[in-house]
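The values are calculated or read from the model by the stated rules, or taken from the named source; none is laboratory data. Note that the structure is a prediction, hence the values are computed from the model and not measured. When we count neighbours, we look across all protein chains shown, and the Cβ atoms used for this are built from the backbone with ideal geometry, even at glycine. Heavy atoms of the whole protein, side chains included, go into the accessibility calculation; ligands, DNA and RNA do not. Shrake-Rupley method; radii C 1.70, N 1.55, O 1.52, S 1.80 Å.
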Amino acid sequence: MEKENEESEQAQTESSVKDNIIEEKVETINQENENKEEKKSDEKPEKDEKETVKKTEKESEEKANKEEKEKFHKAESKDSNEKKKSKKGIIVLVVFILIFLLFISTIFAILNMNNDKIIGGVYIQGFNVSNYDKDEINKIINDKLEKLEEIEIHYDNYEEVIKLQDMGITVDGKDAIKEAIKLGKTNNILIDNFSILKAKIFKTQLNLNIQIDEEKFKEAIKNTQAEMPGAVQEYSYEIKDDVLIITNGKAGKIINEKLLKEAIVENLRMQFNDTVNTIEIPTQDAVPNPINIESIYQEVYKEAKNAYIVDDPFELHKEENGVDFKISIEEAKELLKEEKETYEIPLKITKPKIAVKDLGDKLFKQTLSKYTTIYDSSNTNRASNIALAAKTINGTILLPGETFSYNGVLGNTTKEKGYKPGGAYVGGKIVQTYGGGICQVSSTLYNAALYANLEIVERHNHSYSVTYVPAGRDATVAYGGKNFRFKNSRSYPIKIVANAKNGVISISIVGIKEEKEYEVELTSTVLSTTPCSVVYENTNTLAEGKQKVIQVGHTGQKSIAYKIIKYNGKTISKTVLSKDTYKPMNRIIQVGTKKVNNTANNQSNNNPNNNNQSNNNQSNNNQNNNIPSNTVETNQPN
């Protein structure tokens, strides 16, 4: 028991000790905590003070920023308001201006609708047509277009005046006039005002309608190129008796058609505005095509055919000679391998059994027309060429609808055919060329064809006037170029009867008269003249101080020719045959520069016979200068 008590007391003692230890630890911990709290309480005022300062600074900064923002927003708001007010003012102003302009333009458009004049700033092919009415502008434009009849072209010394109709060129102003009148008058205010303002500010340009017939244009180019110096020459051929003569081609220049068209259009625009200038022919180098003997053979070969008549309806079929090569194509090709200007291929000609002449003279018993011209028979070369050309065309028969070609019948007027050098127009001068004088025959035939009321297919006037027919009644030709052609537009065959002798060319058209035969009258009027210039040329073939007229010169002319058709004395129609321009040809006087020995001069001056002879010569020269050009046949070309 005691033991248990002792153990109990001991346990209580140990428990008490433990409690004391714990209490001491607790007190120690509490003390430490108290110390810490005291320390914290001492540090806190400092920290709070710093935080307060920072907070104050932050608040001040935020306040300042806020104030700045408020100021910025206020300024921005003020600017925005001012901009809004300004924009609003601009819009109001613009709207006001637009309304004002719309009002004015509406009034202007209404007034313009009732205005029959063309608005301002409108041009037709560069010509100002503003403020003209319909009748005025039609007259002005048509008057200008009537003057657009021809153009003048040149290349080196070659010059030519070509009619627009011969080049297939037509100029029309109807569409441009309609467009000019219509501008600003469509009854659409916006479109009309735009057209009016555009014309006023930028000018409205309207163009004439220029059309070119390509076939006629190419034909005119071909004609010009045939006469142009230095032009390329294509190979050609002709049949003389029983020989085919082929002439080789030569390299040279060809006309640039595209550039010439452009130049012509520009030239017409300038002429329309009363500015006249000459077109320089644009050219380029070219070589001729090689001779195609197979093609030639196909063109010349034909069987012989007899002449015959069909009675109902009446038809005459002429005879045709058969033509064939005497040698083979291969042999002909071998001949062409040689470098030559001309080649001759023998032909086999087969005559038909029946010719037109064997059918009787009843076909050509009536004279339908006759025309004569006079030439100087003392000019033997020219007279010989005229006689040969007349002989060549004599007896030619044309069936109804058949076309006669002067160049086709005569061919090239070469020395080999018997033609001689005669006067012809070349580069503004009269020069000697083989066949000079044949144009008088073609001109005589032209008038005979006109009086027979035949259709003229192709005809060209000379560059310079001639004296053997009236102005506007000549017909010039150039082999390979300009031709004279007419068609038998009658119901029956016709025949050409031509001869030239004793200074007279006489050409008749014979056949059968129509049931209703018309009378033909021809008239010609010279509209204006241009005097020729005098050109002096120095020469050492004449003594110093001496002069000699080597070219009389010709006055330039503009003419118009009419054809009048009558029946039983009553005029049925009067049509313009042609309007022609002939350039003035210079009068050329040679001036001597040759120095003469003084002794010889003295002897000459001392000889009274010489003085008389000199005076007589001078008198003769003066008389010749006063003689009209139509009496000076020695200076008459073609």
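Observations on the structure shown:
- Around residue 272: net Lys/Arg minus Asp/Glu count, Cβ-Cβ under 9 Å: +2
- A P(r) calculated from all alpha carbon pairs of region 485-559, with 5 Å bins opening at zero, reads 3, 9, 11, 11, 9, 12, 11, 10, 8, 6, 4, 3, 2, 1, 0 percent.
- Cβ-Cβ FRET estimate between residue 544 and residue 300, R0 fixed at 56 Å, reported to 0.05: 0.40
- 3J(HN,Hα) along region 309-319, derived from phi through the Karplus expression 6.51 cos²θ - 1.76 cosθ + 1.60 where θ = phi - 60°, amounts to 10, 10, 7, 10, x, 5, 9, 10, 10, 6, 6 Hz, with x in place of Gly and Pro.
- Taking a ≥ b ≥ c as the square roots of the eigenvalues of the alpha carbon gyration tensor, region 274-323 is oblate, as a/c is not under 1.5 and a/b does not beat b/c.
- Across region 294-348, the convex hull enclosing all Cα atoms gives 94 Å³ per residue.
- Amide hydrogen neighbours beyond the local backbone of residue 283, cut-off 5 Å, H modeled: 256
- Subset of 117/163; 482/563; 147/563; 365/501; 337/417 violating a 27 Å alpha-carbon distance limit: 117/163
- Extension gain, residue 431 to residue 381, is 16.7 nm, computed as 0.36 nm per intervening residue step minus the present C-alpha separation.
- Here region 194-247 is treated as a Stokes sphere of Kirkwood radius computed over C-alpha pairs; at 25 °C and 0.890 mPa s its diffusion coefficient rounds to 150 µm²/s.
- The ratio of the alpha-carbon radius of gyration of region 272-419 to the globular-protein estimate 2.2 N^0.38 Å is 1.50.
- Pairwise FRET efficiency - residue 402 versus residue 200, Cβ, R0 = 51 Å, nearest 0.05: 0.25
- Accessible area in square angstrom per residue, region 236-369, 1.4 angstrom probe: 63 Å²
- Treating each Cα of region 441-511 as one equal point scatterer and applying the Debye formula with no solvent, the log10 of I(q)/I(0) at q = 0.19, 0.23 Å⁻¹ comes out as -0.81, -1.11.
- Net dipole in debye of region 299-419 [+1 Lys, Arg Cβ; -1 Asp, Glu Cβ; about Cα centre; nearest 20]: 520 debye
- Here the 3J(HN,Hα) profile of region 242-249, calculated from phi with Karplus coefficients 6.51, -1.76 and 1.60 at θ = phi - 60°, is 10, 10, 8, 9, 10, 9, 5, x Hz, Gly and Pro shown as x.
- P(r) tail fraction, region 516-603 - alpha-carbon pairs more than 23 Å apart, %: 56 percent
- Evaluating 6.51 cos²θ - 1.76 cosθ + 1.60 at θ = phi - 60° for every residue in region 520-535, the Karplus couplings come out as 10, 10, 10, 10, 9, 10, 8, 7, 7, 10, 10, x, 7, 9, 9, 10 Hz, glycine and proline recorded as x.
- Extension gain for residue 140-residue 537 works out to 138.4 nm (0.36 nm per residue, less the C-alpha to C-alpha distance).
- Radius, Kirkwood style, for region 351-453 when every pair of distinct Cα atoms is counted (Å): 15.6 Å
- Kirkwood-based shape ratio for region 390-433, expressed as Rg/Rh from alpha carbons: 1.10
- Maximal additional length on extending the residue 56-residue 416 stretch stands at 116.3 nm, based on 0.36 nm per residue less the C-alpha distance.
- Between amide H atoms placed 1.01 Å from N, distances below 5 Å from residue 326 occur with 347, 348, all of them 5 or more places distant or on a separate chain.
- Solvent-accessible surface (1.4 Å probe) assigned to residue 127 amounts to roughly 40 Å².
- For region 398-520, the per residue solvent-accessible surface stands at 35 Å², with DNA, RNA and ligands left out and a 1.4 Å probe.
- Rough spin-label spacing in nm, given labels placed 7 Å along Cα→Cβ, for residue 573 and residue 270: 3.8 nm
- Computed over region 139-250, Kirkwood Rh from alpha-carbon pairs, angstrom: 18.6 Å
- Heavy-atom accessible surface of region 120-244: percent carbon and sulfur, 1.4 Å: 48 percent
- List 532, 439, ordered by accessible area with a 1.4 Å probe, largest first: 532, 439
- Taking all protein chains as shown and a probe of 1.4 angstrom, residue 397 keeps an accessible surface of around 20 Å².
- Exposure of residue 442 as accessible area (Å², to 10), given a probe of 1.4 Å and all protein chains: 0 Å²
- A Förster radius of 60 Å, combined with the Cβ-Cβ distance separating residue 285 from residue 98, puts the computed FRET efficiency at roughly 0.40.
- Scanning residues 5 or more positions from residue 369 or on other chains, those with amide H under 5 Å from its amide H are 509, with H placed 1.01 Å from N in the peptide plane.
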